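Novice: Structure provided below as structure tokens; questions to follow.
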Amino acid sequence: MIRGLHGLFYSSEPDSMRAFLRDKLRLPHTDVGGGWLIFDLPEADVGVHPTGEPGGAQPGTHDVSFYCDDIQGTVADLRSRGVAFTQEVADHGYGFVTYFSMPGGVRVQLYEPKYQKASAAPKRAAAAKRKPPARKKPAAAAKRRAPAAKKKSRR
């Protein structure tokens, strides 16, 4: 059974790109030795796009994109860390899109999807079910701790 996606970037500056992913994008990683870092992403998805559009991708090619929940905030945060964007955010129908450059001449898409992933709803529902129930005081303990009623004074 497939349980994930392992993507690859090919760069003429692999050490610089690994440092970029680690330091600029702050992706969690495992050092597998010899300077090789494998970056761990919390989730993934795969889409299939048509070819043959002017300026579009050629058949047999593939692409890697990162996505986020707040593209304006993410772009501002990444720019503050020195990430260079190659164009402003634009609405592409499926989401809000921009591109940034990584070492070795690698251009990557960043987008905020307009769709909700089918797997997102069950995870949220499962997390809500795992939330511990509010603790209730036993009735006897509540009575013992209740303040004594004040008697009305008669004058």
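Novice: Using the 10 angstrom Cβ neighbour count as an exposure proxy, how do GLU88, GLU13, GLU112 rank, fewest first?
Specialist: Numbers: GLU88 9, GLU13 14, GLU112 19.
Listed from fewest to most nearby Cβ atoms, that is GLU88, GLU13, GLU112.
Novice: A further question follows. Which order results if ILE38, ILE2 are arranged by neighbouring Cβ count within 10 Å, fewest first? Working shown, then result.
Specialist: Details: ILE38 11, ILE2 4.
Least crowded to most crowded, the residues run ILE2, ILE38.
Novice: Quick one: which of 60-73, 16-29 comes out on top by average Cβ neighbours within 10 Å, and what's the full order, highest first? Provide the component values of the computation, followed by the final result.
Specialist: Numbers: 60-73: 12.1, 16-29: 15.4.
For the peptides 60-73, 16-29, the packing ranking is 16-29, 60-73.
Novice: Two decimals, Cα atoms only, Kirkwood Rh: what is Rg/Rh over region 1-79?
Specialist: On the way: Rg = 15.2 Å, Rh = 15.2 Å.
Taking Rg over the Kirkwood Rh, I get 0.99.
Novice: Next question. Residues of region 78-122 with backbone nitrogen within less than 20 Å of a virtual label 7 Å along the Cα-to-Cβ line of SER16, please, listed as ranges.
Specialist: 78-87, 99-109
Readers should treat all values here as calculations from the given coordinates under stated rules, not as data from a laboratory. Since the structure is predicted, the reported quantities are computational estimates derived from the model, not experimental observations. Glycine also receives a Cβ, built like all others from the backbone with ideal geometry; neighbour counts cover every protein chain displayed.
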